[in-house]
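Asks: This structure is in structure tokens; I'll ask about it shortly.
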Amino acid sequence: MENNTAKHFVLQLGSVITLYLSISFLIVLLFSVINLVVPDAIENYWQIESNSSSVRLGIAMLIVFFPTYLILTRQVNVIRRREDNSSYLGLTKWLMYLSLLIGGGVILGDLVAVILAFLEGELTTRFLLKAGVLFLVVGGAFYYYLQDARGFWLTRENASKSYAYGMTFVVVLSLAAGFFYSETPAQVREMRLDEEQITDLRDIQYQIENYLAMNGTSSLPTTLEGFYSDFPVPTAPENREPYSYESTAKGFKLCATFSANYNMDSEMMYGRPYDSTYPIKNPDNWNYKQGRYCFERVVN
């Protein structure tokens with residue numbers, strides 16, 4: 001009997017852990033979707049990208065942990081109805097009340113965070129939506145386990161199943177919203193390739209700056225190989241057009257092919273102030289448009 005009690009306790013513990021992981025990442029998913037649906041003018045590029053990443057993380061975690069939670073909880077409830085073991089019931093009840101304590105702390109902590117964001121200037125619409133999400137998700141789970149600790153669901157199996165169906169509907173609806181407001185895996189891959197190309201172009205520009213600092217502007221090389229002596233010239237990712245370099249009357253231009261538009265405050269991203277001693281006057285503007293795009297640089 002002790003082995004069975006330990007087994008049942010572990011199942012209950014597993015269901016509680018997966019419950020809190022599911023709740024946490026459901027909140028992350030819904031909060032991030034709200035941030036994307038209700039944009040705020042004070043947000044920068046990194047905050048928007050962080051919301052998109054959080055949506056993808058929330059989707060992945062929910063797909064794994066929410067079904068696991070349902071399976072474990074179902075097994076726990078079947079065992080509790082089938083067996084009359086006071087030791088087991090005492091352990092699980094203790095664990096439930098501990099979970100309620102943690103759940104209450106989560107509600108209060110998240111509510112403080114939402115109110116603080118509102119006081120620091122977050123949009124009222126966002127504040128109301130996030131407060132609603134907290135009371136729906138965390139409040140619903142808190143109510144279920146409060147009733148469970150009292151044995152309410154043991155004699156009301158159909159009601160327990162209906163509650164589970166309602167929770168599943170909320171999660172599925174949230175996942176659908178997450179998929180709708182996030183990029184597809186193919187789009188994310190293309191965006192990563194765009195970022196990789198910008199890294200390459202910055203490296204090329206750095207080599208050009210070094211060359212200008214050492215040799216001046218009297219005779220710029222006609223090819224990128226002229227700027228590289230010890231390292232190979234960066235090449236474009238597979239299935240992308242090769243990088244191109246061309247000297248101009250005012251300096252030079254670097255070109256690459258991009259999958260989407262990108263626009264942000266370049267000083268916010270790189271933070272390097274203009275200095276007349278730099279060989280290049282406009283080195284930090286890396287905004288680009290979809291398709292073949294050239295970054296034109298002016299040399300001092």
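The values are calculated or read from the model by the stated rules, or taken from the named source; none is laboratory data. Since this is a predicted model, take the numbers as computed values, not measurements. No Cβ is skipped: glycine too gets one built from the backbone with ideal geometry, and neighbour counts run over all protein chains shown. For the accessible areas, the whole protein counts, side chains as well, though only heavy atoms, and no ligand, DNA or RNA atoms are used. Shrake-Rupley method; radii C 1.70, N 1.55, O 1.52, S 1.80 Å.
Asks: Would you mind computing, in nm to one decimal, how far apart the modelled labels at residue 176 and residue 47 are, each placed 7 Å from Cα along Cα→Cβ?
Replies: Placing both labels 7 Å beyond Cα along the Cβ direction yields 3.0 nm.
Asks: Given a 1.4 Å probe, how much area per residue of segment 159-233 is accessible, in Å²?
Replies: 61
Asks: Enumerate lysine pairs in the chain that are 8 or more residues apart or on different chains, then count those whose Cα atoms are under 24 Å apart.
Replies: Qualifying lysine pairs in the chain: 8.
Asks: Please state the charge dipole magnitude for the chain, taken about the Cα centre, from unit charges on C-beta atoms (+1 on K and R, -1 on D and E), reported in debye and rounded to the nearest 20.
Replies: Value, rounded to 20: 1400 debye.
Asks: Give me the extension gain from residue 111 to residue 219: residue separation times 0.36 nm, minus the current Cα-Cα distance, reported in nm with one decimal.
Replies: 32.6 nm
Asks: Given the peptides 50-63, 160-173, arrange them by the average over their residues of other C-beta atoms within 10 Å, most packed first.
Replies: The packing order, highest mean first, is 50-63, 160-173.
Asks: A further question follows. So what's the angle, to the nearest 10 degrees on a 0 to 90 scale, between helix 86-119 and the longest Cα principal axis of the chain?
Replies: Result, in degrees: 40.
Asks: For the chain, take the longest principal axis of its alpha carbons; what is the angle in degrees between that and the long axis of helix 124-149, to the nearest 10 within 0 to 90?
Replies: 30
Asks: Related question: Over its Cα atoms, what ratio of radius of gyration to 2.2 N^0.38 Å does segment 88-214 give?
Replies: That ratio works out to 1.76.
Asks: Put a dot 7 Å past each Cα toward the Cβ at residue 136 and residue 38; how far apart are the dots in nm?
Replies: Distance between label points: 1.2 nm.
Asks: Name the residue farthest towards the positive end of the dipole of the chain from the options 251, 21, 235, assuming +1 on Cβ of Lys and Arg, -1 on Cβ of Asp and Glu, about the Cα centre.
Replies: Result: 21, furthest along the dipole toward the positive end.
Asks: What's the Cα-based Rg to Rh of the chain, Rh via Kirkwood?
Replies: Rg divided by Rh gives 1.18.
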